[in-house]
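The numbers here are math on the coordinates, done by the rules we state, and not lab data. From a predicted model like this one, the values you see are computed outputs, not experimental measurements. Because the Cβ atoms are built from the backbone with ideal geometry, glycine has one as well, and the counts that use them run over all protein chains shown.
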Amino acid sequence: MNGTALASQLKNIVCGSVHANEPMSKHTSFRIGGPADVLVVPRDIPDLLTLIKALSDMQTPFYVIGAGTNLLVKDEGIRGVVIKIANTISHVDRLKNGILRCGAGALLPEVCKEAAQKGLSGLEFASGIPGTVGGAVTMNAAAFGGFMADLVDAAEAITYDGHQMRLSREDLEPGTKTTRVLSEPLILVEVDFSLKEDSPEDVQELMKEYLIRRASSQPLSLPSAGCAFKNPEGQGAGRFIDAAGLKGVRVGGAQVSELHANFIVNNGGATAKDVISLMNHVQEVVYSKFKVTLEPEVRILGG
């Protein structure tokens, strides 16, 4: 079934927005990517459940994304359905005992600001991490020694055949840049963060310090997908890339950042093929010089 026909069918099933042959360059921080057959933005959790069950019954492949900040979509695009939950399922509510309940589609920087305004401390390190709550917890995103999964009290998830389940922090089985959610896979729909009460002024001040440090060390003015490679055990991937003399190296419109060697940036007109070729080159050079294998951190979809 082509994208137009599939989109027409799904419009009769879900309440959210449905887009046929949607360019994924509009939905990734890299600003790269061919069209998805169909992109659906569900209205809420019940709408997401309806969609998942329908796609399961139709045996139609689907992929779930947040804000696309850790994602490279190939130039050929994605066959099947992309479900985007950024800026939807995005409620943020303060509960008792320092619990902040967030929809998985809530943007993490906005959640951090709201936590600060409510006088809840713990998320300051994450204030500069782009993307959604769901994506950050799924990947166990980290910054300045803090890890997202460490703050989770509990989470609600959906299986790929549409069943709901509640997970504790331990149930997430967090590792370095991964959790059980990623490996099974599951879809996070809601996260309860366990935070500590503090004065809004102190929380905002610490958050500001982290944001300044991030801005001084990362190429935030150019499109990218964050760190390109996972850090080898106990060592920074960027240090190996820098030591290999690869800062500034380009393939087409893709370039190893001059500011942070573990960032590959879109310097204008980069294709997914450019980025993948550059990543392969970096891996080959680093291995030849240091016998270190760099594993991609960026999620690659499509083709």
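Summing +1 for each Lys or Arg and -1 for each Asp or Glu among the other residues whose beta-carbon sits under 15 angstrom from that of residue 232 gives +1. Starting from the Kirkwood Rh over alpha-carbon pairs, what translational D in µm² s⁻¹ does the chain have by Stokes-Einstein at 25 °C and 0.890 mPa s? In µm²/s, the coefficient is 123.
Taking the average, over residues, of other Cβ atoms within 10 Å as the packing measure, peptides 263-269, 290-296, 169-175 rank 263-269, 169-175, 290-296 from highest down. Among 91, 281, a tally of other beta-carbon atoms within 10 Å of each Cβ gives an order, fewest to most, of 91, 281.
Using Cβ point charges alone (K and R +1, D and E -1), the dipole size of the range 197-272 about the Cα centre works out to roughly 660 debye. The range 238-303 and the range 112-136 have Cα centres spaced 29 Å apart.
Rounded to the nearest 20, the Cβ-based charge dipole of the chain about its Cα centre (Lys and Arg +1, Asp and Glu -1) stands at 740 debye. Only helices enter the 222 nm calculation for the chain: every DSSP H run of n ≥ 4 contributes -39,500 (n - 2.57), and dividing by all residues gives -8500 deg cm²/dmol, rounded to 500.
Dipole orientation for the range 92-215: of the candidates 140, 210, 95, 210 has the Cα lying most toward the positive pole (charges on Cβ; Lys, Arg +1; Asp, Glu -1). Sorting 210, 160 from the fewest to the most surrounding beta carbons within 10 angstrom yields 160, 210.
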